[in-house]
Amino acid sequence: MEMIAACVLSFAVTVLLGWRVILPALRRLKAGQEIREVGPQWHKTKAGTPTMGGLMFIAGIGASILAVGWRGMLEGDFSHLYVFAFAIVFGVIGFLDDYEKVKRHQNLGLTALQKFLLQLAAAILFLILMRNEGRLSPNLYVPFFNVSIPLSWPLYMVFAAFVVVGCVNAVNITDGLDGLATSVTIPVALFFVSVATWWHYRQLGIFAAAMLGGLLGFLLFNRYPAKTFMGDTGSLFLGGAVAGMAFAFDMPLALVLVGVVYIVETLSDILQVTYFKLTHGKRIFKMAPIHHHFEMCGWSEGKIVTVFTAVSILFCALALFGVMDRMAP
């Protein structure tokens with residue numbers, strides 16, 4: 001019941017705040033998105049659409065986990081707040097990036113180095129906290145095989161920091177079409193709700209359920225044609241939330257499956273840039289990341305979002321099957 005309440009409350013707060021407060025405020029502030037010159041030309045019609053809309057579901061999730069998770073906090077379990085605080089740090093980094101873009105009226109914010117250093121510092125601090133709280137082990141759980149590979153703490157920390165920063169930026173890259181990052185992350189949230197329910201991880205389940213509700217509420221504003229974009233504020237927060245939950249459940253390798261869309265999007269971008277440089281101008285895809293390639297092939301935004309979401313659902317279901325042995329009571 002608590003997870004259902006968390007989902008419903010987060011949905012309601014996201015929709016009400018978005019409709020009555022946040023979206024009108026963004027419009028008044030003229031916080032419009034600047035469209036990249038190198039992107040598809042038809043995306044220029046989206047110029048001026050309010051960005052930083054991710055504040056809607058961040059507020060919804062925050063209100064929900066505080067209200068519904070109160071009983072667990074009185075019992076001393078603050079795991080949902082750890083993940084939320086971790087995601088908030090990334091959301092703040094994204095907000096600073098969005099603010100710079102809006103302020104300068106161009107699609108450039110913080111430098112890549114600035115973002116990387118801030119993200120790396122946040123990842124390391126979170127991992128240290130999880131270790132000190134006894135929620136993290138250097139034993140790398142492998143889904144399907146139900147075995148754990150023991151690593152030294154230094155090696156594990158380097159691996160974990162790389163995974164966190166990679167996951168966060170992969171979600172950010174995926175946020176390139178109306179409703180895309182929102183839609184493909186909804187099954188991911190549902191996966192963590194399922195795991196938390198089976199393992200009786202009440203507080204983490206409340207967070208995952210609140211994330212599910214917040215994203216469903218935000219999708220009302222973000223689906224095509226989008227009334228607002230989540231911006232780096234929202235996408236970096238989501239990346240932090242997904243990575244944070246994977247490590248809070250101590251199964252980061254599950255991200256390979258639940259985050260398959262994020263990974264494919266990122267790999268397509270890396271392959272495109274690398275091949276372009278090696279061949280002095282040739283391309284693998286018509287445009288990267290890969291959702292733009294499908295656009296250039298004539299797919300509508302709605303079709304791309306639907307297909308990518310279906311892939312996310314399939315692989316999240318596969319991931320759930322892959323951890324069933326570990327989930328057994």
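The values are calculated or read from the model by the stated rules, or taken from the named source; none is laboratory data. Everything quoted here is computed from the prediction, not taken from an experiment. All Cβ positions, glycine included, derive from the backbone under ideal geometry; neighbour counts span all protein chains shown. The protein model used for the area step is the full one, side chains on, heavy atoms only, and it has no ligands, DNA or RNA in it. Shrake-Rupley method; radii C 1.70, N 1.55, O 1.52, S 1.80 Å.
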Residue set Gly69, Gly76, Gly62, Gly18; condition open to solvent by 40 Å² or more (accessible area, probe 1.4 Å) and either at pLDDT 95 or above or under 30 Å from Leu190 (Cα atoms) (or both); output residue Gly76
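Here is a yes/no grid of residues against (1) at pLDDT 90 or above; (2) closer than 30 Å to Gln272 by Cβ; (3) surrounded by fewer than 20 Cβ atoms within 10 Å (Cβ to Cβ); (4) within 22 Å of the chain's Cα centre (by Cα):
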site	(1), (2), (3), (4)
Met3	yes, no, no, yes
Val13	yes, no, no, yes
Arg28	no, no, yes, no
Gly32	no, yes, yes, yes
His43	no, yes, yes, no
Only one of (1) of a type in the set (Val, Ile, Thr); (2) buried (at least 17 other Cβ atoms within 10 Å of the Cβ); (3) modelled with pLDDT of 95 or more does not apply to Val323, and that is (3)
Of (1) under 28 Å from Pro187 (Cβ atoms); (2) touching a residue at least 12 places away in the same chain (Cβ under 8 Å), Val273 satisfies every one except (1)
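Okay, residues lined up against (1) surrounded by fewer than 21 Cβ atoms within 10 Å (Cβ to Cβ); (2) assigned to a helix (DSSP H, G or I); (3) modelled with pLDDT of 95 or more:
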| position | (1), (2), (3) |
| --- | --- |
| Gln106 | yes, no, no |
| Leu110 | yes, no, no |
| Leu136 | no, no, no |
| Val171 | no, yes, yes |
| Thr185 | no, yes, yes |
| Trp198 | yes, yes, no |
| Leu204 | no, yes, yes |
Within region 213-255, restricting to residues that are in contact with a Phe, Trp or Tyr (Cβ under 8 Å, 6 or more places away or on another chain) and of a type in the set (Ser, Thr, Tyr), the one that is nearest to Leu129 (Cα to Cα) is Thr233
Apart from one, (1) more than 17 Å from Thr185 (Cβ to Cβ); (2) modelled with pLDDT of 95 or more all hold for Ile263; the odd one out is (1)
Residue pairs within 6 Å by beta carbon, gap of at least six or interchain, first lying in region 5-26 and more than 13 Å from Gly62 (Cα to Cα) and of a type in the set (A, V, I, L, M), second open to solvent by 10 Å² or more (accessible area, probe 1.4 Å) and not in a helix (DSSP H, G or I), listed first then second, are Leu26/Pro50
From the option list Phe86, Phe144, single residue qualifying as in contact with a Gly (Cβ under 7 Å, 6 or more places away or on another chain), touching a residue at least 24 places away in the same chain (Cβ under 8 Å) and open to solvent by 50 Å² or more (accessible area, probe 1.4 Å) is Phe144
Within region 138-155, residues within 18 Å of Met324 (Cα to Cα), in a loop (DSSP other than H, G, I, E, B) and among the hydrophobic types (A, V, I, L, M, F, W, C) come out as Phe144, Phe145
Among helices (runs of 4 or more DSSP H) completely within region 210-300, the ones holding 3 or more residues that are open to solvent by 40 Å² or more (accessible area, probe 1.4 Å) are 260-278
